[in-house]
Amino acid sequence: MRIPHPLLGLRDLREFTYLGDAALIDRPEATADEDKAALNAHVFLRDNPAGTHRELWYHEYGDRSWLVVTRDTRTHEILGAELARDVALAAGRDR
Amino acid sequence: MADTALTPLTALGHTAPMTSTFGAYSLSEIADLGLASLALRRGGSAEALAERLGLALPGPGLWAGTQDGTLSAIWTGPDQWLVEFPGRACEDVAGDLAARAGSGVSITEQTGAFAAFRIDGPSLEPVLERLGPIDPVAVRPGTAHRTIVHHLGCILACRSENRLDVLGPGSAAAFVHHALELTLRRVVV
């Protein structure tokens, strides 16, 4: 399996490690008690789709960038990869 | 004052850099390479920094050096580089770089963190095919890729069609050397 790194091109799977669902980027603030349910869902609850899945991969043995990789969980086909930083910035985060 | 006439050791633990040959290929330890990491802080200009350093700061997957070969930089991430000072391992290269780079950057000494090796030979392709998962086609003169070599993250800087420099973790210098030695033995079988 190869991952199309947005900066470095196609790179071998062995250079990467996997974290999980890309929704982990959107950590809720959870400063007030009523936010605790959202934080609980963020930490413990995951969708398990049979199909397209957006997930976080770390280019540990490469440039150490975090990527959001879109993968079909049924076929392992990689449909795209973006820098997680760009995804976070596009979502309105400051970094 | 104590006698401080100490004998420097190379990353492999010898008093002189190790060299060996495998058929038409040679493997040598580069013991005198000074290194410092350079990171541009958020909002800074890479062009202005390159101008202050008198060094082209390369983009993803590349390295670039000055004409006289005294200074070069390897891209290690967005707005991050590993700056090489050939022959200056015994000097305060991080201090030198900090003085040249001015403000708005973060610099750390890296000389002792890496062990550097050089492979010279007729063709790098058979070496790269056996070294790790990097696509040999992606390794051309001027490229520098960090990839995995025998479970260790190493930078492969291609200096020419016949020369590949491998920068691996200094704390695992002997393992990196073993990986390269094994690879070259397999190439010349």
Distance between the C-alpha centers of region A:33-50 and region B:51-80? Whole Å please. 44
Principal axis box of chain A, alpha-carbon based, largest edge first, Å: 45, 31, 21
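Which length gain, in nm to one decimal place, applies between residue B:103 and residue B:41 when the Cα-Cα distance is subtracted from 0.36 nm times their residue separation? Please list the in-between numbers first.
Numbers: separation 62, 0.36 × 62 = 22.32 nm, distance 0.92 nm.
This chain segment gains 21.4 nm when fully extended.
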Taking amide H positions as placed 1.01 Å from N in the peptide plane, with prolines and chain starts having none, which residues 5 or more places from residue A:73, or on another chain, fall under 5 Å of its amide H? A:51, A:52, A:53
Would you please give the residues with an amide H less than 5 Å from that of residue B:110, counting only those at least 5 places away or on a separate chain, with H modeled from the backbone geometry? B:35, B:36, B:37
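In Å, the Kirkwood hydrodynamic radius of region B:26-169 over pairs of distinct alpha carbons?
Numbers: mean 1/r = 0.0648 Å⁻¹.
It is 15.4 Å.
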Region B:33-111: relative contact order in percent, alpha carbon pairs under 8 Å with at least 6 residues between: 45
Contact order relative to length for chain A, counting C-alpha pairs under 8 Å separated by 6 or more residues, stands in percent at 26
Please identify the GluC sites (Glu not before Pro) of region B:1-91 that satisfy two criteria: DSSP loop assignment and at most 14 other Cβ atoms within 10 Å. Which are they? B:91
The protein assembly as shown: proportion of alpha-carbon pairs further apart than 31 angstrom, %: 38
When A and B pair up, the total accessible heavy-atom area removed from solvent (1.4 Å probe), in Å² to nearest 100, is 1200
Could you derive backbone 3J(HN,Hα) for region B:130-144 from the dihedral phi with the Karplus parameters 6.51, -1.76 and 1.60 (θ = phi - 60°), listing whole Hz in sequence and x where the residue is Gly or Pro? 9, 7, x, x, 5, 6, x, 5, 6, 9, 10, x, x, 9, 9
Hz values of 3J(HN,Hα) by residue in region B:15-21 - Karplus curve (6.51, -1.76, 1.60), Gly and Pro given as x: 7, 10, x, 7, 9, 8, 10
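Where only protein heavy atoms count, and the probe is 1.4 Å, what is the accessible area per residue for the protein assembly as shown in Å²?
On the way: 14920 Å² over 284 residues.
With the other protein chains kept in place, the protein assembly as shown gives 53 Å² per residue.
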Compactness relative to 2.2 N^0.38 Å, alpha carbon Rg of region B:33-111: 0.97
Under Karplus coefficients 6.51, -1.76 and 1.60, residue-wise ³J(HN,Hα) of region A:67-76 in Hz, glycine/proline x: 10, 9, 9, 9, 9, 8, 5, 7, 10, 6
Provide a list, ordered by number, of residues in region B:125-142 showing at least 10 Å² less accessible area with every protein chain present than when their chain is taken on its own, using a 1.4 Å probe. B:133, B:134, B:135
Accessible area of region B:33-111 belonging to carbon and sulfur atoms, whole % at 1.4 Å probe: 51
The set of residues whose placed amide H lies less than 5 Å from the amide H of residue A:11, leaving out same-chain residues fewer than 5 positions away, is A:3, A:5
Can you pull the one-decimal nm distance between simple spin-label points at residue A:95 and residue A:36, each 7 Å off the Cα toward Cβ? 3.0
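The values are calculated or read from the model by the stated rules, or taken from the named source; none is laboratory data. The structure presented is a predicted model; accordingly, all values stated were derived computationally and were not measured. Reconstructed Cβ throughout: ideal geometry from the backbone, glycine too, with neighbour counts over all protein chains shown. Ligands, DNA and RNA are excluded from the accessible area calculation, which covers all protein heavy atoms including side chains. Shrake-Rupley method; radii C 1.70, N 1.55, O 1.52, S 1.80 Å.
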